[in-house]
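Since the structure comes first, as structure tokens, the remarks are kept for the end.
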Protein chains: 2
Amino acid sequence: MTEATTDQRLVKGARSRAVIARHAADVASVEGLAGVSIGRLAGDLGISKSGIATLFKTKEALQLAAIRAGREVFVEQIITPSLREPRGSARVRALIDRWLAYITDPVFPGGCFRATVLAEFDSRPGPVRDAVAGDHDDWMEFLAAEIRKAQEMGELAERDAEALAFEIDAIVGAANIARQLGDEARVATARQIVDRLLE
Amino acid sequence: MTEATTDQRLVKGARSRAVIARHAADVASVEGLAGVSIGRLAGDLGISKSGIATLFKTKEALQLAAIRAGREVFVEQIITPSLREPRGSARVRALIDRWLAYITDPVFPGGCFRATVLAEFDSRPGPVRDAVAGDHDDWMEFLAAEIRKAQEMGELAERDAEALAFEIDAIVGAANIARQLGDEARVATARQIVDRLLE
């Protein structure tokens, strides 16, 4: 096997992995990670079960890959574009607006991927829970740090930044469920509450 | 078959149904309703699969019975005892305190049953989603009505009662996840936020 062939195979393998993991995240947003099985994904994507099994080995490895894919989408949709805004209240506002848009006009068919998976695995110790809880903690810490910068610049009222991040996360999480249930009145209520918290 | 025998069978059938449904709610609080299968419950409870199938027919019927069992526990633990308090802020406070206690010292092994199932089924139209969304709406309407009574008595600040119920529900839901993840700091934060909302 030449070096070029090996490279090509690696690239193809990585591309397939990414496609499969991204679809796994779509499925999990609707049905939870319980719905992410090798057989299910093989059927949906028209790939052989053995092909998926070669790339991911176990259902758990596939679930962990789905969590990483979900995280990448979140970073790409919310964090990266908001970092173009100047630090301070403009950036906090951009983060929250993009986060709400990601809930109300969802990228994943089942709405927020992380919310579904966190509720599904919060009571089940193991690598899946650790991965999704770690991802959630990273986001909370990032948001709290941006809130703190805005407070230091005098652009946001002084209060515990972690508590404010927790409170906004709770409201956005409830808005996600309301949106999935088609309850637009509660989504509007959530927006008003978040606006009040950022005043 | 005498009438007495029929009655006895009905009573035994009802008792078995209640035991099975209650266990289904325990399982669902940890693993979601995806974990509630006739085979799984038969194994856990040492009952034959055909016995459970005779009582419940389908997995969906079993899931709906679990939702009713979860609702009964919630009413029994939170609503019934709080109704002994005089209407007004004392009753609202009792409802919220019992609700928080139900989260921090959970009756179900996986914490709040409704929170798990709502996140699991919010994107999947059908009788299970309708049942759990209806149960959630009933609770929100009940809580908002009690908040309104307290406001009319001048014991709670005037603001939209539905919005306040939504906000408290969001915070308690986030506290439930934090508790299941063993994050006591966030549970304490949730308590402080709820106290502030009820001031």
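FYI, it's all coordinate maths here, none of it is from the lab. Computed from a prediction, not measured in an experiment: that's the story for all the values here. So basically every Cβ, Gly included, is an ideal-geometry build from the backbone, and we count neighbours across all protein chains shown.
Each copy carries a label point for B:ALA188 at 7 Å from Cα along the beta-carbon vector; from one copy to the others these points are 4.0 nm apart, nearest first. Taking B:GLU158, B:GLU60, B:GLU141 in turn, the Gaussian network model of chain B (Cα-Cα springs below 10 Å) assigns the largest fluctuation to B:GLU158. Separation of segment A:50-120 and segment B:1-53, taken as the distance between their Cα centroids, equals 39 angstrom. Working from label points 7 Å from Cα in the Cα-to-Cβ sense, the B:ASP137 to B:VAL19 distance is 3.6 nm.
Each of A:ALA4 and A:ARG196 was given a label point 7 Å from its Cα along the Cα-to-Cβ line. The distance between the two points is 6.6 nm.
Going by how many other beta carbons lie within 10 Å of each one, how would you line up B:GLU155, A:GLU31, A:GLU146, fewest first?
Starting with the residue having the fewest Cβ neighbours, the order is B:GLU155, A:GLU31, A:GLU146.
Ignoring everything except DSSP H segments at least 4 long, calculate the 222 nm mean residue ellipticity for chain B; use -39,500 (n - 2.57) per segment, divide by total residues, nearest 500.
Values: 9 runs with 146 residues, N = 199.
Helices in chain B give a 222 nm mean residue ellipticity of -24500 deg cm²/dmol.
With θ taken as phi - 60° and the Karplus curve 6.51 cos²θ - 1.76 cosθ + 1.60 applied, the whole-hertz 3J(HN,Hα) list for segment B:86-97 is x, 4, x, 5, 4, 6, 4, 4, 5, 4, 5, 5 Hz, x standing for glycine and proline.
In nanometres and ascending order, the distances from the B:ALA61 label point to those of the other copies are 4.2 (point 7 Å from Cα along Cα→Cβ). Label zone (A:LEU83, point 7 Å along Cα-to-C-beta; backbone nitrogen cut-off 18 Å) within segment A:90-119: A:90-99. When all alpha carbon pairs of the protein assembly as shown are counted in 10 Å bins from zero, the resulting P(r) reads 5, 20, 29, 24, 13, 6, 2, 1, 0 %. Among the GluC sites (Glu not before Pro) in segment B:159-190, none sits in a DSSP loop with a Cβ that has at most 14 other Cβ atoms within 10 Å. Each other copy holds its own label point for A:GLY154; taking that point as 7 Å from Cα along Cα to Cβ, the gaps run 4.1 nm, nearest first.
Spread over its residues, the convex hull of the C-alpha atoms of chain B is 135 Å³ per residue.
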